[in-house]
1. Assuming 0.36 nm per residue, please report the length gained on full extension of the stretch K81 to E122 beyond their Cα-Cα distance.
2. Helix 11-24 against the longest principal axis of the chain: what's the angle in degrees, Cα atoms only, rounded to the nearest 10?
3. Taking the chain as the reference, fit the longest principal axis to its C-alpha atoms, fit the long axis of helix 111-137 to the helix C-alpha atoms, and give the angle between the two in degrees, 0 to 90, nearest 10.
4. Could you please rank F65, F108, placing first whichever residue has the fewest other Cβ atoms within 10 Å of its Cβ?
5. Hey, got the Cα dimensions of the chain along the principal axes, in Å, largest first?
6. Which of T83, T105, T42 moves the most in a Gaussian network model of the chain with Cα springs under 10 Å?
7. Checking the cross-link filter: which lysines have an alpha carbon closer than 19 Å to that of K114, excluding same-chain neighbours under 8 positions apart?
8. Choose one answer from S66, S110, S79: the residue with the largest mean-square fluctuation in a GNM of the chain with alpha-carbon springs under 10 Å.
Amino acid sequence: MGRRKNVTLHEETIALIKEYQEQHHIRYPGEALDRMIEEWETQKATDHSQEYLMSLMAERFQDIFSEEMKRLRLAANRSDKNTQVLLELMNGFAMDQNLESCVTTPIFESQAMKDAKQAVEEKISHQRQKRISVKETQPASS
């Protein structure tokens, strides 16, 4: 059994309650308001369930990919360090040789540059093959 309460509502709220009554064929505004609140509570519980499910999925995703992300981070750091070392060496070389300008590879690519690129490609290919063979020898995880 419901209790009677006098409340003041905005005109927009009253219009929404009447619209809800019409859509759901409800006779009394109090009943419409009760059902609207029930739906709101159900939706709130569903939202909490979805949030919980999303947090579980995020944890699982993190468990699965954290090691791979760590490897990527380490590789990026190593590459950045190597690049910085090369920049410092090249700057020192340019200073030592009193170079005022340089010929870039689109203009001319030296045989030394071609050899270096090939060596890097071979090294990358070797590392890739090594990773593939390690994965093939590891037992499948569940």
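1. Details: separation 41, 0.36 × 41 = 14.76 nm, distance 2.08 nm.
The span from K81 to E122 would gain 12.7 nm if fully extended.
2. It is inclined by approximately 80 degrees.
3. With both axes taken from Cα atoms, the answer is about 50 degrees.
4. Details: F65 11, F108 8.
Ranked by crowding around the Cβ, least crowded first: F108, F65.
5. 93, 50, 23
6. Sorting by GNM fluctuation, first place goes to T105.
7. Straight-line reach from K114, under 19 Å: K123.
8. So, out of S66, S110, S79, the one fluctuating most is S110.
Every number in this text was worked out from the coordinates using simple rules, so none of it is lab data. Just so we're clear, the structure is a prediction, and the values are computed from it rather than from any experiment. FYI the Cβ positions are ideal-geometry reconstructions off the backbone, even for glycines, and counts take in every protein chain you see.
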